[in-house]
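Colleague: The structure follows.
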Amino acid sequence: MSNSKFKIGRLSGKGLLIAAGICVLAVGAAGYYSYNTISDRLNTELIGKNSDTFSADADEKKTADTPVNIGQANVKKQETTAPKQTEAPAGSSAVTTAAPKETEPPAVTEKTPSAMVRPLNGEVINIFSDGELVRSKTLNVWKTHDGVDIAGAEGEKVKSMTGGTVKDVRDDQLLGVCVIIDHGSGLEGWYCGLGKDVPVSEGQSVSAGTVIGSVGNTAESEISEGSHLHFALKKNGEWIDPIALISGEGS
């Protein structure tokens, strides 16, 4: 009898241990389940918050990177255009704004005076040498003859070839008494070997045919040639043939 009670007591003690173990396992399982549930909920909440944060950051970055003029597509740009030229009203003078064209001045052509006369009507005894050397009878040397010698009686009147201004009246050592006239257009007339009585003076204006002196014998370099007029012409500073010019053969 006592042994049966002991066995029952022993069994009862073992059963308690088993029951206690089961309770511990149950509590552990319940705790594990609760932990997993709470962990999942926390992860869900954290993921949702992080998603909202990332979305907000992305929206903020998008807003920062967006160009300022987005949303202003309908704003019209101000265009700078040249002002239109308006036509002048009828009856008013139009103003031309175009720059004037530069034009070259017309070339000045020198014209030879048309009204010409021979200074002396006589024979040409010595012609223009045109730069070539010829022998001088008086000086007995070879030299150029830069004019023409027109024979004439001493005292015969000498006339101006054409109009002009008396540039100089001089007594040259070789050519004698000379009247130099500026005939214009680059022409300069030298009337040499005149008598000492000269009716014109420097600065005086003369016309074609005006008497400017008389045939003399004052040219020391041509005194052996007899009485004559030494008549010479310069064109732009160069000696030219005066007879060719008077006859229309020269210019």
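The numbers here are math on the coordinates, done by the rules we state, and not lab data. Only a predicted model underlies this, so the values are computations on that prediction, with no experimental measurement involved. Cβ: placed from backbone, ideal geometry, glycine included. Neighbour counts: every protein chain shown.
This table checks each residue for (1) surrounded by 16 or more Cβ atoms within 10 Å (Cβ to Cβ); (2) touching a strand residue (DSSP E or B) at 6+ places or on another chain (Cβ under 7 Å).
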| position | (1), (2) |
| --- | --- |
| LEU187 | yes, yes |
| TYR191 | yes, yes |
| GLY203 | no, yes |
| VAL206 | yes, yes |
| SER214 | yes, yes |
| ILE223 | no, no |
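Colleague: Residue by residue through the stretch 144-158, note down the ones that are within 53 Å of the chain's Cα centre (by Cα) and surrounded by fewer than 21 Cβ atoms within 10 Å (Cβ to Cβ). Spell out the reasoning first.
Modeller: At the first step, the residues of the stretch 144-158 found to be within 53 Å of the chain's Cα centre (by Cα) are 144-148.
Across the stretch 144-158, the qualifying residues are THR144, ASP146.
Colleague: Does the stretch 202-251 hold any residues that are β-branched (Val, Ile, Thr) and closer than 15 Å to TYR191 by Cα, and which are they?
Modeller: Correct list: VAL206, THR210, VAL211, ILE212, VAL215, THR218, ILE240, ILE243, ILE246.
Colleague: Here's another thing I want to ask about it. Does SER160 qualify as being over 20 Å from VAL117 (Cα atoms) and in contact with a strand residue (DSSP E or B) (Cβ under 7 Å, 6 or more places away or on another chain)?
Modeller: When the stated conditions are applied, SER160 does not pass them.
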